[in-house]
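The block underneath contains the structure these notes are about, expressed in structure tokens.
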Amino acid sequence: DYTFVLEAGKKSYRRELESLIAADKKHQEELEYAQLLAMTDPLTGVKSKHAYIEVETMFDARIGYGNQREFSLVVFDLNDLKTINDTYGHDKGDEYIKSAVTIIKGIYKYSDIYRVGGDEFAVILEGEDFTNREVLIKKFNDIIDKNVVNGGPVSAAGMADFLKYKDNSITHLFI
């Protein structure tokens, strides 16, 4: 009889444990989804300002330790977004932003793009995009020059290279 009670207790404990494991797995999936949402800009699908702050912190730590490899930072500031929003409405402004992001994505295919403000974006160039940075910024500017004439999103862009013995943070690149 004692064995029967022990077996019943084990089965009950096992079911409870399996239930707790399943609940824990569900909570973990929900947390991962929430983190993904926090790291993604809902309008454009690029990485969010929160994601940029995290990667900036990581880069700054590597810069501080002296083991950051070469990279460049490109920042973009869309022109006339306020005018578009005020004149045609925010839906048109959102389309303008998405069109600009499509251009940036088309140029910087191997780098993460971050929305760091309402009409501001940043791209950290490493690897192939870093190697080809001069060609890529020229390609971007050529598209923008055509958009000035023919219509389409227009954006100012600036690029700075990390200089290991000069720059002590990502922010310092533009000082």
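Odds and ends about this structure:
- Scoring 114-121, 133-140 by mean Cβ neighbours within 10 Å over their residues and listing the highest first yields 114-121, 133-140.
- Cα extents of the stretch 102-159 along the three principal axes, largest first (Å): 33, 26, 17
- Helical runs (DSSP H, four residues minimum) scored at -39500 (n - 2.57) apiece and divided by the length of the chain put the mean residue ellipticity at 222 nm at -20000 deg cm²/dmol.
- Under-5 Å amide H pairs with V154, H placed in peptide plane, nonlocal only: N79
- Proximal aspartates and glutamates relative to K92, as straight alpha-carbon distance under 19 Å, when same-chain residues fewer than 8 apart are discounted: D41, D77, D80, D119, E120
- Computed label-point distance, nm, for sites T83 and N150 using a 7 Å Cα→Cβ extension: 2.1
- Protein heavy-atom surface of the stretch 129-175, 1.4 angstrom probe: 57% of the accessible area is carbon and sulfur, with nucleic acids and ligands not counted.
- For the stretch 15-98, the C-alpha radius of gyration divided by 2.2 N^0.38 Å, with N the number of residues, is 1.70.
- The residues of the chain present an accessible area of 65 Å² per residue when probed at 1.4 Å with all protein chains retained.
- The stretch 138-169-the stretch 49-118 distance, computed between alpha-carbon centres (Å): 11
- Each Lys and Arg adds +1 at its Cβ and each Asp and Glu adds -1 at its Cβ; summed about the Cα centre, the chain shows a dipole of about 280 debye.
- Potential lengthening of the chain between E128 and N67 amounts to 20.0 nm, from the contour at 0.36 nm per residue minus the alpha-carbon distance.
- Answer label, with P(r) over Cα pairs in 10 Å bins from 0, in percent calculated from the coordinates and candidates [x] 9, 28, 26, 15, 8, 6, 5, 3, 0, 0; [y] 9, 34, 35, 18, 3, 0; [z] 10, 37, 34, 12, 5, 2, 1, 0: [x]
The values are calculated or read from the model by the stated rules, or taken from the named source; none is laboratory data. Computed from a predicted structure; not experimentally measured. With ideal geometry, Cβ positions are generated from the backbone for all residues, glycine too; neighbour counts draw on all protein chains shown. These accessible areas exclude ligands, DNA and RNA; they are computed on the full protein's heavy atoms, side chains included. Shrake-Rupley method; radii C 1.70, N 1.55, O 1.52, S 1.80 Å.
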